[in-house]
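Quick note: the coordinates plus some simple rules give every number you see, no bench work behind them. Quantities reported herein were computed from a predicted structural model and do not represent experimental measurements. Cβ atoms come from the backbone with ideal geometry, glycine included; neighbour counts cover every protein chain shown.
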Amino acid sequence: MHDIQLFGRLEVRTRGIRLTGNDFGGARPRHLLALLALRGEWSLVELADTLGVSTATLKDDLAMLRDRLEPGVRPRDSVIATHRGRVRLVTERVHVDAATFDELIAIAAERTPARAARLLAAAAFLASRPLLEDEDAPWAAEARAEYRAKLIMANTPQPIS
């Protein structure tokens, strides 16, 4: 299992190994991982456009990231799956804190305020540091603002209808 932390600095923990910063092979592979963890499946073209690189460069970055996450593992056995020009993380093999945050907020929205309080407190704890706090790319700033807004909205009392 790969535990991916997006709140605070991007970090991956797996099998007693902790990867941060340049452990991913540089900024582009790190950004690639963050985008996959945030948004799920992407086309190679969409990812290349978002990162401002060619698809050939993106494929090199994918290879680098796979090797850093799972040294010696064949691409078809990797936690990063590619199929027909699309790439995604294998959801059964990753845990992403931002996904847990989203789940907590969604469950809390279905409950009464009293029953939602513990879930919202857990979500707020997860989001106690800004999402991807060390990344200054425009897509990271947009994601940070989106999650900040989700947290604010979740903690805003809703009128009783």
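Couple of notes before you dig in:
- Taken about its Cα centre, the chain carries a charge dipole of about 360 debye when Lys and Arg each add +1 at the Cβ and Asp and Glu each add -1 at the Cβ.
- Förster radius 35 Å - calculated FRET efficiency between Ala114 and Arg18, Cβ distance, rounded to 0.05: 0.40
- Ranking of Leu151, Leu104 by count of other Cβ atoms within 10 Å, fewest first: Leu151, Leu104
- Derived scalar couplings ³J(HN,Hα) [segment 106-120; Karplus, 6.51 cos²θ - 1.76 cosθ + 1.60; whole Hz; x for Gly, Pro]: 5, 5, 4, 5, 8, 10, 5, x, 5, 7, 8, 4, 5, 5, 5
- Theoretical FRET efficiency, 1/(1+(r/R0)^6), r = Cβ-Cβ of Ile152 and Glu11, R0 41 Å, to 0.05: 0.95
- Summed residue charge, Cβ within 12 Å of Ser43's Cβ, Lys/Arg positive, Asp/Glu negative: +1
- Debye log10 I(q)/I(0) at q = 0.17 Å⁻¹ for the chain, Cα point scatterers: -1.00
- Working from label points 7 Å from Cα in the Cα-to-Cβ sense, the Asp49 to Trp139 distance is 1.1 nm.
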